[in-house]
Amino acid sequence: MRRIATAVATATAATLLATTAAQAAPPAPAQPGAVQTIEAAQIVLEQLKSKGEVTDQLVVDTLDPAQAARYQKLLDSGMFDAMFRAAEQSNQFSASDVRLSMTLAALTNDDADIDAILNITAEDIAAAIEWQTETSGPEKDGMLKPQWEFNWGIATGTLYLNRKETRNARDAGYIVALAAGVCSAGFPICFPITAQAGGIGIAAARYYEEGNCVKLKVIGPTLKPERHKKGQRNCK
């Protein structure tokens with residue numbers, strides 16, 4: 001019995017020592033270049049905004065090398081050029097806001113995702129968006145149904161996403177790139193949507209899991225995500 005008690009005491013002491021050591025050990029640092037959550041990325045964006053004007057150099061100096069490389073890739077792609085030009089004429093957003101959008105994408109996407117969203121070109125969007133009115137008729141026979149449909153009214157418009165694009169829209173970086181691509185295509189939606197990207201992503205994920213799609217209603221400089229039911233328009 002004495003031997004058993006001694007063994008138990010020894011094991012208990014070893015467990016306590018291991019537990020104490022584990023608690024004392026500092027948490028492992030985040031891996032450089034790791035994809036961040038939208039919440040973690042927003043903290044970085046707030047830090048950048050607190051420093052005044054957001055410049056490319058400030059962003060690159062703030063991010064780690066891998067993240068900075070993703071940002072530079074987005075900058076060099078030209079995808080955001082039209083949005084930068086729009087910022088020069090807008091009283092609603094500035095070039096700093098555009099850079100914050102790009103930073104969000106660089107933080108929340110890995111290298112493969114950055115390559116994927118850079119495939120959203122102005123030419124593809126221009127060829128795939130359909131302008132419609134409440135009285136528009138059916139498509140002509142032989143015309144391919146566009147991947148994107150855009151319905152623009154006097155005050156509002158609606159961008160309809162299909163299932164594939166709804167799946168992609170779960171990612172905040174994709175939403176940022178989509179806004180830039182539509183702006184580049186020359187359509188009357190030209191503003192960064194950094195603050196809305198997370199909420200749109202959450203809504204897109206919910207509708208996608210339901211088997212539906214998401215549609216983005218344009219109201220001024222905001223995009224409101226709404227349910228786009230499967231089987232309607234291009235939701236398939």
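Key figures for this structure:
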read-out	value
From Asp81, Asp115, Asp97, Asp76, residue being of a type in the set (D, E, K, R) and under 14 Å from the mean Cα position of the chain (by Cα)	Asp115
Restricting the stretch 76-86 to residues that are touching a residue at least 60 places away in the same chain (Cβ under 8 Å) and part of a helix (DSSP H, G or I), the residue that is nearest to Val60 (Cα to Cα)	Asp81
Residues that are at pLDDT 80 or above and not hydrophobic (A, V, I, L, M, F, W, C), drawn from the stretch 143-180	Tyr160, Asn162, Arg163, Lys164, Glu165, Thr166, Arg167, Asn168, Arg170, Asp171, Gly173, Tyr174
Total residues in the stretch 74-95, condition buried (at least 18 other Cβ atoms within 10 Å of the Cβ), small (Gly, Ala, Ser) and within 22 Å of Thr108 (Cα to Cα)	1
Which numbered condition Ala126 misses (of (1) modelled with pLDDT under 90; (2) open to solvent by less than 40 Å² (accessible area, probe 1.4 Å))	(2)
Unmet requirement for Pro138, which otherwise passes all of (1) farther than 21 Å from Ser90 by Cα; (2) at pLDDT 85 or above; (3) not in a strand (DSSP E or B)	(2)
Failed item in (1) modelled with pLDDT of 90 or more; (2) in contact with a strand residue (DSSP E or B) (Cβ under 8 Å, 6 or more places away or on another chain); (3) open to solvent by 10 Å² or more (accessible area, probe 1.4 Å), with Val214 passing the rest	(3)
Residues of the stretch 224-233 satisfying the condition of being modelled with pLDDT of 80 or more and not acidic (Asp, Glu)	Lys224, Pro225, Arg227, His228, Lys229, Lys230, Gly231, Gln232
Residues located in the stretch 88-115, provided they are touching a residue at least 40 places away in the same chain (Cβ under 8 Å), of a type in the set (A, V, I, L, M) and more than 16 Å from Leu48 (Cα to Cα)	Ile114
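Residues checked against (1) outside any helix (DSSP H, G or I); (2) open to solvent by 20 Å² or more (accessible area, probe 1.4 Å); (3) small (Gly, Ala, Ser):
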| site | (1), (2), (3) |
| --- | --- |
| Gly201 | no, no, yes |
| Glu209 | no, yes, no |
| Arg227 | yes, yes, no |
| Arg233 | yes, yes, no |
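The values are calculated or read from the model by the stated rules, or taken from the named source; none is laboratory data. Just so it is clear, the structure is predicted and the values come from calculations on it, not from any experiment. Ideal geometry is used to build each Cβ from the backbone, glycine not excepted, and the neighbour counts take in all protein chains shown. With ligands, DNA and RNA removed, areas are computed over all heavy atoms of the protein, side chains included. Shrake-Rupley method; radii C 1.70, N 1.55, O 1.52, S 1.80 Å.
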